[in-house]
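The values are calculated or read from the model by the stated rules, or taken from the named source; none is laboratory data. Since the model is a prediction, treat every value here as computed from it, not as a measurement. We place every Cβ from the backbone using ideal geometry, glycine too, and count neighbours over all the protein chains shown. Keep in mind that these areas ignore ligands, DNA and RNA; they rest on the heavy atoms of the full protein, side chains included. Shrake-Rupley method; radii C 1.70, N 1.55, O 1.52, S 1.80 Å.
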Amino acid sequence: MPLKSKLTFFIPDTKNPLEVPYFPSGIKAGFPSPAADFDESKISLDRVLVKNNEATFYAKASGTSMIGAGIDDGDIMVIDRSLEPENNKIAVCCIDGEFTVKRLAVSLDGIYLMPENASYQPIKITPENELIIWGIVTYVIKKL
């Protein structure tokens, strides 16, 4: 059962946050608004995306099994290991020694790791599998 997924993990540098310009009032995606309406502030993405410094990691997604959830090949996922796994959460799992990212599905007949791409099959966890739910994906950073 090859998972075809490889993750590269990174630790956030919360001790040296980079603050960049931020427009808290938002930028309209509809009709343009006068530039004078914008009140520029500063934001640190680490401070916004990382809720638990000791338990949060970044990982680069590899593969296309989660494109329906908005996780594309090359995206950076923010993963919080302090969060409890729950039904329907997107989790980084280690199954039989291999990492994968899937949506958790808990049902009466077992636990499934659900892809978000019809080209991939769900993975039913059996007693023969070794499953570690490594962390919960909280944000995705993507390049357009």
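What distance in nm separates the two pseudo spin-label positions at A105 and A55, each 7 Å out from Cα along the beta-carbon direction?
That separation, rounded to one decimal, is 2.7 nm.
Report the net charge of residues surrounding T126, where surrounding means a beta-carbon distance below 15 angstrom and charges are Lys +1, Arg +1, Asp -1, Glu -1.
Within the 15 Å Cβ shell, the charges total -3.
In Å, what Kirkwood hydrodynamic radius results for the stretch 61-101 from the alpha-carbon pair distances?
Values: mean 1/r = 0.0887 Å⁻¹.
With all distinct Cα pairs of the stretch 61-101 included, I get 11.3 Å.
Could you please put I125, I136 in sequence from largest to smallest accessible area, using a 1.4 Å probe?
The ordering from most to least exposed comes out as I125, I136.
Which whole-Hz ³J(HN,Hα) couplings does the stretch 47-62 yield from phi under the Karplus relation 6.51 cos²θ - 1.76 cosθ + 1.60, θ = phi - 60°, glycine and proline marked x?
5, 7, 8, 9, 8, 10, 4, 6, 10, 10, 9, 9, 9, 8, 6, 9
What is the local net charge at P85, summed over the other residues whose Cβ is closer than 13 Å to its Cβ (Lys, Arg +1; Asp, Glu -1)?
+1
May I ask you to order 81-89, 53-61 by the average number of other C-beta atoms within 10 Å around their residues, highest value first?
53-61, 81-89
For the stretch 75-144, what % of the accessible area comes from carbon and sulfur atoms, probe 1.4 Å?
After summing per-atom areas, the C and S share lands at 55 percent.
Counting just the Cα atoms, what span does the stretch 49-144 cover along each of its three principal axes? Round to the nearest Å and put the largest first.
For the stretch 49-144, the Cα extents along the three principal axes come out at 36, 31, 23 Å.
Could you sort I141, I71 by their accessible area in this structure, using a 1.4 Å probe and putting the largest first?
I141, I71
Loop only per DSSP, at most 12 neighbouring Cβ atoms within 10 Å: give me the chymotrypsin sites (Phe, Trp or Tyr not before Pro) in the stretch 59-144, ordered by residue number.
none
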